[in-house]
Amino acid sequence: MTIQFQRARFLTSVPETRLAPADSGAEVAFAGRSNAGKSSALNCITAQRSLARTSKTPGRTQQINFFDLGENRRLVDLPGYGYAKVPLAMKNRWQYHLAEYLRIRESLRGLILLMDCRHPLTENDCQMLAWSAEADLPVHVLLTKADKLKPGVSKNVLADVRERMTDWHPEASIQLFSALKKLGIDEARQHLSDWLSDDIS
């Protein structure tokens, strides 16, 4: 089955999992540290300029945002985590809802985890990998902003993170990605398609 990512449309925003759309069909979530490039990656993968709102201010995404792909398939933009200027109570609330979403959402087929290639495997990144492994959830890591590093350096980072992340999620896969240079889009779409094309009857 071919997923038409360019047809993605905003569906709804909710502050917590219990208010999410019906837990049926198939969806893939995007998670990552604030300012890791989640919204830019979503816009790039769907070939749309403003499907997901981008901002230079970390912590902009404060709710769970659902995007409809048709045929009961969805992309989900989760709140960014780890930004120090967000009040502690809000940070803890986001963390709780992130963990709850990963644990109970039956239609969730996989997680796209975004890490800035210059600052990979933060404490929160490792926690997301561990949560996903515990939930038996497939993870594909996008090392974003790869254009900020020289090609040789970015390949070394890729190899290093690939080896180290097995401590938290042995089955996770990984690639380099740059929304600015359109690097790695086809590979990312392929992982999404593989997850979303599973039988949802």
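The values are calculated or read from the model by the stated rules, or taken from the named source; none is laboratory data. The structure presented is a predicted model; accordingly, all values stated were derived computationally and were not measured. All Cβ positions, even for glycine, are placed from backbone atoms using ideal geometry, and neighbour counts span all protein chains on display.
Would you point out the residue of the range 143-175, among those that are touching a strand residue (DSSP E or B) at 6+ places or on another chain (Cβ under 6 Å), among the hydroxyl-bearing types (Ser, Thr, Tyr) and without any contact (Cβ under 8 Å) to a residue 60 or more places away in the chain, that is surrounded by the fewest Cβ atoms within 10 Å (Cβ to Cβ)?
SER173
Please specify each residue of the range 14-40 satisfying the condition of being under 25 Å from CYS126 (Cα atoms), at pLDDT 90 or above and assigned to a loop (DSSP other than H, G, I, E, B).
Across the range 14-40, the qualifying residues are ALA36, GLY37.
Does the range 184-201 hold any residues that are hydrophobic (A, V, I, L, M, F, W, C), crowded, with 19+ Cβ neighbours inside 10 Å and either modelled with pLDDT under 95 or farther than 20 Å from MET1 by Cβ (or both), and which are they?
Hits for the range 184-201: nothing passes.
Between residues in the range 12-30 that are more than 19 Å from LEU51 (Cα to Cα) and of a type in the set (A, V, I, L, M) and residues that are assigned to a strand (DSSP E or B) and at pLDDT 95 or above, which pairs lie under 7 Å by C-beta distance while being six or more apart or on different chains?
Cβ pairs passing all conditions: ALA26/ARG73; ALA26/ARG109.
Here is a yes/no grid of residues against (1) surrounded by 13 or more Cβ atoms within 10 Å (Cβ to Cβ); (2) in contact with a helix residue (DSSP H, G or I) (Cβ under 8 Å, 6 or more places away or on another chain):
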position	(1), (2)
MET1	no, yes
PHE5	yes, yes
SER13	yes, no
ARG33	yes, yes
LEU42	yes, no
SER50	no, yes
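Here's the yes/no breakdown for (1) within 14 Å of ALA31 (Cβ to Cβ); (2) exposed (fewer than 13 other Cβ atoms within 10 Å of the Cβ); (3) at pLDDT 95 or above; (4) not polar (S, T, N, Q):
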| site | (1), (2), (3), (4) |
| --- | --- |
| PRO58 | no, no, no, yes |
| THR61 | yes, no, no, no |
| ASN65 | yes, no, no, no |
| MET90 | no, no, no, yes |
| ILE112 | yes, no, yes, yes |
| ARG118 | no, no, yes, yes |
| GLN127 | yes, no, no, no |
| GLU134 | no, no, no, yes |
| VAL141 | yes, no, yes, yes |
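Name every residue in the range 115-152 that is under 27 Å from ASN92 (Cβ atoms) and either among the aromatic types (Phe, Trp, Tyr) or assigned to a helix (DSSP H, G or I) (or both), in order of residue number.
GLU123, ASN124, ASP125, CYS126, GLN127, MET128, LEU129, ALA130, TRP131, SER132, ALA133, GLU134
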